[in-house]
1. Using only Cα atoms, locate the centre of the range 203-219 and the centre of the range 136-183, then give the distance between them in Å, rounded to an integer.
2. Once you order the gyration tensor axes a ≥ b ≥ c over the Cα atoms, which shape class does the range 138-202 get: rounded for a/c under 1.5, otherwise prolate or oblate by comparing a/b with b/c?
3. Would you compute, from DSSP H runs of 4+ residues alone, the mean residue ellipticity of the chain at 222 nm, taking -39500 (n - 2.57) per run and dividing by the full residue count, rounded to the nearest 500?
4. Could I have the simple spin-label model distance between residue 106 and residue 22, label points 7 Å from Cα toward Cβ, reported in nm to one decimal?
5. With only alpha-carbon pairs counted, each pair once and no self-pairs, how large is the Kirkwood hydrodynamic radius of the chain in angstroms?
6. Give, as ranges by residue number, the residues of the range 62-105 whose backbone N falls under 19 Å from the point 7 Å along Cα→Cβ of residue 125.
7. Arrange the peptides 238-248, 310-320 so that the one whose residues have, on average, the most other Cβ atoms within 10 Å appears first.
8. How many angstrom lie between the Cα centre of the range 230-294 and the Cα centre of the range 45-92?
C-alpha cells in the first residue's frame, strides 16, 4: 500500500470521526434508534429520530429520513426530496441515485413531483463521476454503485469478485433466475458459491438462502443449521422466525433437535416487530401452538432465555436493501 493511499484512508477515517464527533450523544442515539426502526419497517416511528440526527447535519441520517418519508407517503414528496438533496450535497451517492430515479416514481404518474435543485440526469451524472474512479481503483462498494447506476451486470460481478456481500447476494439471485451465460449444471454451482460467499461476508439474507440451497441440493443439514442460527444471531427476522420454528418442530425441518423452550423464546422475540412487516399475525398463530406443549416451568425458562438473547444480540431487522426501489 502506498503512502498516499494510507494517507487518504487515514484522512477519510479522520473526517468520518470528525463528523460523528460533531453530533451530541443524544443525536447519535437518535440516529441509531431511527435506523433500527427504519430497518424494522416502522418508518413512521423512525422519522422523529432520524429528523433529530438529520438536523445535526448527518448525511446518512438525512438519506434514511428521505427514504422513510418517501415510503410513508408512497411517493417522492418535497420534504423527502429536501433531505435527499441535503445528503446528496454532502456526497451521499445513494441519495444522488434516488434523486436521479424520480422519473420512475409514482409522483410522475400523479404529476406532482416536487421541483428539483438539479434535474435527475445531473444527479446520476454526479454520482457516476464520483463512483467510477473509486470503482476503477478496486472499491467494491463503488463497483456496486456503478451497477445500480448502469444496470450493467459486469459491474455487479466485479463488485462480487471484489468481496461485496450485497453484490454476491444479487449475483446468486441473478444466476438462480437465469441471468448470465452458464450451463445448467454450472448455474446451480454458481448460485451456491455466491450465496456461500455472501453468507461468509456477513449477509444474513444470504445465510438463509444458502441454508435452503444446502437443504435442496446437497443435504448437508449440519451446515444449513449453522447458517440459520447465524442469521438469527444477526437479528434477521427470517432467521429468528425460522430458528424458533425449527427448534419447536413447527415445522420439523433441517433436523434441529427439539427444544420447545428455545423455540418459544425465539418466536416470542418477534413481538418486538409488531407494526413492522406484518409479522404479528404469524406470532399470534405460532406462539400459542408451541405454548400448548410446554409446562409452566418451561415457559418461565423461555422468557428468561428470550430476555438474555435480546440483551446480547443485535436488534431485530428485516435487512432491507440500503438502496430501495
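Read-outs throughout are calculated quantities, based only on the coordinates presented, and are distinct from any laboratory measurement. Remember, it's a predicted structure, so these values are computed and weren't measured experimentally. Please note: Cβ atoms are built from the backbone with ideal geometry, for glycine as well, and neighbour counts cover all protein chains shown.
1. Each part reduced to its Cα centre gives a spacing of 19 Å.
2. Values: a/c = 2.40, a/b = 1.35, b/c = 1.78.
Taking the square roots of the gyration eigenvalues as a ≥ b ≥ c, the range 138-202 is oblate.
3. On the way: 18 runs with 229 residues, N = 325.
Rounded to the nearest 500, the figure is -22000 deg cm²/dmol.
4. 3.5 nm
5. Details: mean 1/r = 0.0458 Å⁻¹.
Its Kirkwood hydrodynamic radius stands at 21.8 Å.
6. 85, 88-104
7. Numbers: 238-248: 24.1, 310-320: 15.5.
Most protected by this proxy first, the peptides run 238-248, 310-320.
8. Cα centroid to Cα centroid, the span is 33 Å.
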